[in-house]
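Asks: Have a look at this one before I ask anything.
The values are calculated or read from the model by the stated rules, or taken from the named source; none is laboratory data. Everything numeric in this text was worked out from a predicted model, so none of it was measured. Note that we place each Cβ from the backbone using ideal geometry, even for glycine, and neighbour counts take in every protein chain shown.
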Amino acid sequence: MKQLIYSAATVALVYFMVASQHPVHQHAEEVILSQEHKHTNKLINETSPYLLQHAQNPVDWYPWGEEALAKAKRENKPIFLSIGYAACHWCHVMERESFENEEIAEILNKHFISIKVDREERPDLDDIYMTAVVAISGSGGWPMTIFLTPELKPFYGGTYFPPDDKWGRVGFKNLILRLIDFWQNDQSRTKLHQDAETLSRIVEQRTSISLPVDEDAQLSTDLLANASHQLEAAFDDKWGGFSSAPKFPPSNAVMFLLRDYFHTGNKRSLEMATFTLDKMYEGGMYDHLAGGFHRYAVDQEWLVPHFEKMLYDNAQLAVVYIEAYQATGNNKYARIAQEIFDYEMTYMTNDSGGIYSTEDADSQGKEGIFYLWKWDELDGILGKKEADIISRYYSTKKMGNFPSHEDYHKEFNILHIRRDAASVAKELGMTEEQLKSTLSSIKKKLLEVRDKRARPGLDDKTITSWNGLMISAFARGYQVFADKRYLSAAERAASFVMDKMRTEDGKLLRTHRAGASKFHAYLEDYSYLILALVDLYEAGFDKKWLFSAEDLTEEMIVQFWDEKSDGLFNTSLYHKNLIVRTKSVNDSAIPSPVGVAIESFLRLGKLLDKEDYLKKARRVLKANHPYMEKAPQGYLTLLMNVDYLIHSPKEIAIVGRKDSKDTKELLKAIHSRFIPNRVIAFLDPSSPDARELAKKIPLLSGREIINGKATVYVCENFTCQLPVTSPEDLINKLLAK
């Protein structure tokens, strides 16, 4: 029996369908309550859009919590745990096929305690039990389907199951019936418990790795060179990126290569970075009308996306395109970053400044249909002349250009670029500027029409960590583009999190929705927010953000630091009912939370002269030297911290009046170039708290304005250079190797 189930699970497909949504879309509870249902379960009182989507299934769902866990123990029933998220296409499919099926629901209700979890609310549960699913089946994805003993130990799992046997995989109904048979037989139930013990040990081994610090480990340029060589070996010379299909946005890889180019002058690193950014933008993965990137492309050419839009992707990509603009001066990269910001501010921000999580791939039950166009529709909106222009530039065709196995995608077009503007303009007898102006007008017309369509659903919860990523992006955007909207967006989002997403005693919480903040924060929430507050301080120089970052760092150390072996747990002291307290250092769709915590230690350590922070950063990096050496592509966030240590940061102290012209010119000079390793502090000597601030930030101590002009002091490796007052002299000092 066990062998049959496991062999069926082994052929499970991996579905990475992650998404986002719109402020003008219907909210989850509006969708649910607008329809009549004869069933209501315990998810009805939750705030998660994903859980609310299942609140009127005939399955007697419980949220994860004491009530469900105690019931499983009391009744000695196995737990059926289903984990997904609101924008997951195949989660919707399995709900429709199985969880709305009265027969299946009756079986589940009689023999299991069924628990539904939103992976975005509980990444700890997702991490633990996804590790078990991968150990069982060799692959993972969502929806995650896993069965636990009442002691929360997994004994079987997989991803999507059809309701009945087909496609070479066991049907969900047959699966649960066979598991019931096993559970009701004393001998086989004993075997299931043994399997659960074995699997739990495997999960613990894979999720709580702690390596001793190797004092002899060398954090050297050899590590960085090895990573660069491995990225080059994996590089797709034809389409960019560092993998075959499916292709996810390689933000960390591009950021690493830009740093490699800066320090070594290796033009190949710059070529790989910019070529990848160009191809991602040109493909269908980019929304050429409203801005922002979809989650990933199913093909090698970046053409066919899974249409969900994730906050965490767009936040990282905004920073990557900003850095590419700083490194190259190419205005295209600046425009792409600005379009991402416009998208987030227009469609993904609530009235109080909090930023929504995801925009769904589906609308009206059809994936991607919101973003696609038929030829006749384009012709009717634009007229033949302008429709011809976009057919040349955005590769639209009369019979459609969108390859898909879905019938409803036939004859549809997705906007993408296969020709450069100069050649298209020449063909049309226009100048390049005339073409760009015409395209801008065309896009506005199409966007106006598209915004009237039935929109994808909105997962409008605010997640602390993802907001942290976007706060950093907005702060960096303000530094480079001096657009006050970006600073305002960053400050409003930071205020939202700090004011509404903490306990009374200041502990961070994970999510906020419908007026309620819930769940103790994880390491990623603390580390991303701390770094965001440092970025926000360096953008607007409001000291409250810097000192809030310091306070949160002290709290992060208390809650997450592993005193037995140098490192940080993913979960805090407050997370309960877990079979293992996980530790991980690798990157995933989001940067390594440990890596981001290390960057926070390094930057705050320099700004506030905190040697303990710097020591912690070095020890964690040394402990993880083997990973960075053997599999650098999975640990690029850690490696960028190694880069920070090796190429010691520029410590920049600016003294002047905050809004004076000469101060702004110096700041513009600092931000006009790509200088990856730096910290910046600002002092207005006329401020009443100037003396106190200089004590708190040693970099500012003893700094004065020279000859009545805003002045910059640049220090590095415990040595300070002569102060400068001209932007030209400042750039020379910052670029000196």
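Asks: Output the qualifying pairs, or none if there are none: Cβ atoms under 9 angstrom, residues six or more apart or on different chains, first residue in region 438-460 and within 12 Å of Ile390 (Cβ to Cβ), second residue in a strand (DSSP E or B).
Replies: Leu446/Trp373
Asks: Same structure, new question: Would you tally the residues in region 283-334 being basic (Lys, Arg) and farther than 21 Å from Ile355 by Cβ?
Replies: 1
Per-residue answers, yes or no, for (1) more than 21 Å from Trp90 (Cβ to Cβ); (2) crowded, with 24+ Cβ neighbours inside 10 Å; (3) of a type outside the set (Val, Ile, Thr):
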{"site": "Leu289", "(1), (2), (3)": "yes, no, yes"}
{"site": "His294", "(1), (2), (3)": "no, yes, yes"}
{"site": "Leu303", "(1), (2), (3)": "yes, no, yes"}
{"site": "Met310", "(1), (2), (3)": "no, yes, yes"}
{"site": "Asn314", "(1), (2), (3)": "yes, yes, yes"}
{"site": "Ala324", "(1), (2), (3)": "yes, yes, yes"}
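Asks: Report those helices (runs of 4 or more DSSP H) wholly inside region 548-631 carrying at least 1 residues which are touching a Lys or Arg at 6+ places or on another chain (Cβ under 7 Å).
Replies: 593-608
Asks: Given the conditions (1) farther than 22 Å from Asn577 by Cα; (2) without any contact (Cβ under 8 Å) to a residue 60 or more places away in the chain, report the number of the one that Gly138 does not fulfil.
Replies: (2)
Asks: Next question, about the same structure. Could you tell me which of the residues Val254, Val298 is under 16 Å from the mean Cα position of the chain (by Cα), farther than 22 Å from Leu447 by Cα and either of a type in the set (A, V, I, L, M, F, W, C) or crowded, with 24+ Cβ neighbours inside 10 Å (or both)?
Replies: Val254
Asks: Go through Pro246, Pro212 for me and flag whichever is exposed (fewer than 13 other Cβ atoms within 10 Å of the Cβ), in contact (Cβ under 8 Å) with a residue 40 or more places away in the chain and either out of contact with any strand residue (DSSP E or B) (no Cβ under 8 Å at 6 or more places or on another chain) or not hydrophobic (A, V, I, L, M, F, W, C) (or both).
Replies: On the way: Pro246 fails: exposed (fewer than 13 other Cβ atoms within 10 Å of the Cβ).
The unique qualifying residue is Pro212.
Asks: While we're here: Tell me, yes or no, whether region 475-488 has at least one residue that is at positive phi, assigned to a loop (DSSP other than H, G, I, E, B), modelled with pLDDT of 95 or more and not assigned by TED's automatic domain parsing to the domain that holds Ile390. Explain how you work it out, then say what you get.
Replies: If we filter region 475-488 for residues that are at positive phi, which is where we start, we get 482.
In the following step, the residues that additionally are assigned to a loop (DSSP other than H, G, I, E, B) were identified as 482.
Checking which are modelled with pLDDT of 95 or more leaves us with 482.
Keeping just the survivors that are not assigned by TED's automatic domain parsing to the domain that holds Ile390 gives 482.
Yes: region 475-488 contains one or more residues that are at positive phi, assigned to a loop (DSSP other than H, G, I, E, B), modelled with pLDDT of 95 or more and not assigned by TED's automatic domain parsing to the domain that holds Ile390.
Asks: Now for a different question. Could you please find all residues in region 444-492 being closer than 30 Å to Leu382 by Cα, of a type in the set (Lys, Arg) and out of contact with any helix residue (DSSP H, G or I) (no Cβ under 9 Å at 6 or more places or on another chain)?
Replies: Lys444, Lys452
Asks: Still on this structure, please answer the following. Could you identify the single residue in Arg492, Arg513 that is crowded, with 24+ Cβ neighbours inside 10 Å and within 25 Å of Thr346 (Cβ to Cβ)?
Replies: Exactly one residue qualifies, and that residue is Arg513.
Asks: Pairs only if they're at least six apart or on different chains, beta carbon under 9 angstrom, first in region 358-377 and buried (at least 16 other Cβ atoms within 10 Å of the Cβ), second charged (D, E, K, R) and part of a helix (DSSP H, G or I); list them, first residue then second.
Replies: Sorted first by the residue in region 358-377, then by its partner, the pairs are Phe370/Arg450; Tyr371/Arg450; Trp373/Arg450.
Asks: Something else now. Out of the residues in region 691-710 meeting the condition of being closer than 26 Å to Leu602 by Cβ and surrounded by 15 or more Cβ atoms within 10 Å (Cβ to Cβ), tell me which one is farthest from the chain's Cα centre (by Cα). Explain how you work it out, then say what you get.
Replies: Restricting attention to region 691-710, the residues satisfying the condition of being closer than 26 Å to Leu602 by Cβ are 692-703.
Next cut, surrounded by 15 or more Cβ atoms within 10 Å (Cβ to Cβ) only: 693-694, 696-700, 703.
Details: Leu693: 34, Ala694: 36, Lys696: 33, Ile697: 31, Pro698: 34, Leu699: 33, Leu700: 34, Arg703: 39 Å.
The residue in question is Arg703.
Asks: Restricting to region 690-733, give me the number of residues that are among the hydroxyl-bearing types (Ser, Thr, Tyr) and in contact (Cβ under 8 Å) with a residue 40 or more places away in the chain.
Replies: Here the count works out to 3.
Asks: If only one of Val254, Val213, Val203 is in the same structural domain as Ala318 (by TED's automatic domain parsing) and among the β-branched types (Val, Ile, Thr), which one is it?
Replies: After ruling out the rest, the residue left standing is Val254.
Asks: Still on this structure, please answer the following. Residues in region 257-279: is at least one touching a residue at least 40 places away in the same chain (Cβ under 8 Å) and either within 23 Å of Thr358 (Cα to Cα) or touching a strand residue (DSSP E or B) at 6+ places or on another chain (Cβ under 6 Å) (or both)?
Replies: yes
Asks: Do we find that Asp662 is in contact with a strand residue (DSSP E or B) (Cβ under 9 Å, 6 or more places away or on another chain), among the charged types (D, E, K, R), touching a residue at least 60 places away in the same chain (Cβ under 8 Å) and within 19 Å of Phe541 (Cβ to Cβ) in this structure?
Replies: Answer is yes for this residue.
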